[in-house]
1. Name the residues in segment 131-170 that are in a helix (DSSP H, G or I), out of contact with any helix residue (DSSP H, G or I) (no Cβ under 6 Å at 6 or more places or on another chain) and touching a residue at least 12 places away in the same chain (Cβ under 8 Å), would you?
2. For segment 67-96, which positions are small (Gly, Ala, Ser) and surrounded by fewer than 16 Cβ atoms within 10 Å (Cβ to Cβ)?
3. So, Ala69, is that one outside any strand (DSSP E or B) and under 28 Å from Ala129 (Cβ atoms) or not?
Amino acid sequence: MRALVLAGRRAPDETSPGGTRTHKALEPAGGVPMLERVVEALAASGCCSAICVCSDDPSIVAATPALAARAARGELAFAASGASPAASVAGFLASEAGSGPVLATAADHALLTPEMVRHFVAHADATGADAVVAVVEASVFRRRFPDARRTFVPLRGDAVSGANLFLFRTPRGAEVARFWVRAESFRKRPWRMVSVFGPLVLLRFLLRRLDLDAALAHAGRVIGARIGAVRMPFAESAIDVDTPADLVLANELLAARGAATPAEP
């Protein structure tokens with residue numbers, strides 16, 4: 001399986017949450033650039049035969065000594081990013097490099113560990129779905145982080161937040177990425193995202209009569225691909241570093257781990 005790390009900028013003038021880098025992926029978390037952390041976690045998981053960094057800047061694959069060493073050994077490649085994260089994934093899946101199963105994550109997933117990757121991949125394969133998304137249930141997240149801000153999709157049973165891990169298992173899974181391009185602008189407004197599936201589904205969503213599996217089944221029928229979900233037991237897998245507050249929390253958690261680089265728990 002190939003891994004794709006999304007490390008593009010959302011805007012030409014975007015700065016990192018810490019304000020120290022012009023490229024967010026290179027912002028240090030726990031003293032180590034986030035992109036380097038993510039790449040090392042993927043490599044240490046043993047799940048990925050190749051890792052590709054998707055960005056607007058080809059030099060990013062050699063931005064640190066560790067990344068440069070991997071690139072020199074042929075263990076790290078570059079792919080040009082698209083206009084958005086969804087467009088980047090869809091473009092990669094449509095390319096020759098994207099043939100076969102592709103595991104996608106983001107460079108700001110600074111708390112990613114090899115154990116998280118292995119857990120997700122093993123359970124994603126077990127679903128048999130064309131495309132699989134990792135989620136964290138609100139109850140799991142709030143037990144660990146009662147005061148941290150996070151966007152949750154309200155559903156019957158328990159709300160969920162994305163965990164920045166996606167597995168496109170089959171060629172049909174690319175249909176999900178292409179649909180994601182259309183729906184990406186609704187990411188922070190889940191009621192708008194559901195509305196594209198029709199008024200009946202929207203009504204059931206607003207009344208919280210859809211649980212996660214039912215929602216994904218409806219989406220799969222519209223998109224034309226089977227979609228699965230893996231409920232992650234790791235609360236911190238829902239934390240990406242979008243804001244200064246996220247960076248503070250990530251630094252605290254990494255300090256608590258007592259390691260400067262991703263390590264086996």
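No value in this document is a laboratory result; all are computed from the given coordinates. Just so it is clear, the model here is predicted, and its values are computed rather than measured. Reconstructed Cβ throughout: ideal geometry from the backbone, glycine too, with neighbour counts over all protein chains shown.
1. Passing the criteria: Ala138, Ser139, Arg143.
2. Across segment 67-96, the qualifying residues are Ala68, Ala69, Ala72, Gly74, Ala80, Ala83, Ala94, Ser95.
3. no
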